[in-house]
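The structure under discussion appears below in the form of structure tokens.
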Amino acid sequence: MTHITEQQSAAVSNRRLLAHTAYADERHLAARQSLYRWQRPQYDLPEIVVGELAYVKGTVLDIGCGNGTFVNRMRADRRDLRVVGIDISAGILAHVEKPAFVADAHALPFADGTADAVLALHMLYHMADIPAAVREMARVLRSSGLAVASTNSENDKRELDQLWQRAAADVLGIPEGPSRLSLSSRFSLEKAPAFLGAEFSDIRVRELPGTVEVTDPAPVVAHLASYEAWSEQCGVPFRETVARAHQLVSATIASEGSFTITCLGGFLICRA
């Protein structure tokens with residue numbers, strides 16, 4: 001995973017940009033999620049979360065629920081639970097069934113000890129103040145509650161980082177291009193236990209390694225293009241770089257038969 005600059009960090013956690021551009025609707029999020037269709041082994045992430053909540057009863061808050069992938073699955077598989085979706089973007093919540101609330105994870109509109117479980121799935125790296133968001137998770141959780149977070153490793157998708165740098169170098173006409181913007185690096189799988197350990201105990205890390213292999217450049221290009229909201233922070237003409245990456249991936253597939261990406265994400269399961 002590439003290093004993130006101070007300017008990029010501010011952009012990744014900018015509330016207005018998140019709510020009105022990056023996640024104004026589900027388009028960019030869905031593009032990033034879709035890459036995993038080609039991952040082996042396949043992980044049913046909502047099923048994993050449902051399994052971790054097997055002994056939970058009562059209310060589950062999905063903080064930063066996005067397009068409702070996990071909310072919908074929990075409501076289908078665990079009708080006994082009251083699942084509440086929460087996100088900063090009203091647009092991305094448009095198709096998430098109620099109860100769902102527009103709210104900032106730094107200041108959740110729930111009383112202390114409201115929830116029996118809280119989820120923060122691939123979203124804490126977007127928090128301007130990650131420790132404050134973790135404190136809010138702990139505050140709204142009952143004393144015996146469960147918290148589940150997820151993120152990617154610092155070694156996740158190295159091949160995409162290398163592809164972006166090569167494409168950027170070609171566009172700029174220099175030997176080595178600027179690094180690809182990293183979202184997860186602010187709250188990576190390696191950094192997450194320290195953040196969560198300030199408020200939670202008994203932290204268990206569940207790693208999910210895999211390999212994505214594609215024979216069509218479209219999923220890779222869509223994934224790279226989904227970072228358009230942060231194009232100004234990339235240090236390179238964004239669309240031209242995506243187009244050059246398309247050419248490079250196509251050439252690799254033509255010569256080698258496929259393009260391979262090594263993935264490593266995971267869940268962190270914590271007790272209050």
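The values are calculated or read from the model by the stated rules, or taken from the named source; none is laboratory data. Bear in mind that the values here come from a model prediction, so they are computed numbers and not experimental data. All Cβ positions, glycine included, derive from the backbone under ideal geometry; neighbour counts span all protein chains shown.
Looking at this structure, is Asp170 in contact (Cβ under 8 Å) with a residue 12 or more places away in the chain and within 18 Å of the chain's Cα centre (by Cα)?
It is false that Asp170 is in contact (Cβ under 8 Å) with a residue 12 or more places away in the chain and within 18 Å of the chain's Cα centre (by Cα).
Can you confirm whether region 241-259 contains a residue that is of a type in the set (S, T, N, Q), at pLDDT below 95 and surrounded by fewer than 17 Cβ atoms within 10 Å (Cβ to Cβ)?
no
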The strands (runs of 3 or more DSSP E) lying wholly within region 90-186 that contain at least 3 residues that are touching a Cys at 6+ places or on another chain (Cβ under 9 Å) are 141-152
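Residue-by-condition table, conditions (1) buried (at least 16 other Cβ atoms within 10 Å of the Cβ); (2) among the hydrophobic types (A, V, I, L, M, F, W, C):
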position: Phe187; (1), (2): yes, yes
position: Ala192; (1), (2): yes, yes
position: Val205; (1), (2): no, yes
position: Pro217; (1), (2): yes, no
position: Tyr227; (1), (2): yes, no
position: Phe238; (1), (2): yes, yes
Tally time: how many residues in region 166-178 are out of contact with any Asp or Glu (no Cβ under 8 Å at 6 or more places or on another chain), within 27 Å of Leu29 (Cα to Cα), surrounded by fewer than 19 Cβ atoms within 10 Å (Cβ to Cβ) and not basic (Lys, Arg)? 1
Tell me, yes or no, whether region 130-147 has at least one residue that is within 24 Å of Pro209 (Cα to Cα) and either small (Gly, Ala, Ser) or surrounded by 22 or more Cβ atoms within 10 Å (Cβ to Cβ) (or both). yes
Mind checking whether some residue in region 133-150 is among the aliphatic types (A, V, I, L, M) and closer than 17 Å to Ser9 by Cα? yes
With the structure loaded, tell me whether Leu181 is buried (at least 18 other Cβ atoms within 10 Å of the Cβ) and more than 22 Å from Phe70 (Cα to Cα) or whether it fails that test. yes
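Residues are listed down the side, and each one gets a yes or a no for (1) crowded, with 17+ Cβ neighbours inside 10 Å; (2) free of Cβ contacts under 8 Å to residues at least 40 places away in the same chain; (3) closer than 26 Å to Glu154 by Cβ:
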{"residue": "Gln7", "(1), (2), (3)": "no, no, yes"}
{"residue": "Val12", "(1), (2), (3)": "yes, no, yes"}
{"residue": "Arg16", "(1), (2), (3)": "no, yes, no"}
{"residue": "His28", "(1), (2), (3)": "yes, no, yes"}
{"residue": "Gln33", "(1), (2), (3)": "yes, yes, yes"}
{"residue": "Arg40", "(1), (2), (3)": "no, no, yes"}
{"residue": "Gly64", "(1), (2), (3)": "yes, no, yes"}
What are the residues in region 78-89 that are of a type outside the set (Gly, Ala, Ser), within 21 Å of Arg142 (Cβ to Cβ), in a strand (DSSP E or B) and out of contact with any Ser or Thr (no Cβ under 9 Å at 6 or more places or on another chain), if any? Ile86
Out of (1) modelled with pLDDT under 95; (2) over 18 Å from Thr21 (Cβ atoms); (3) under 20 Å from the mean Cα position of the chain (by Cα), the odd one out for Ser201 is which? (3)
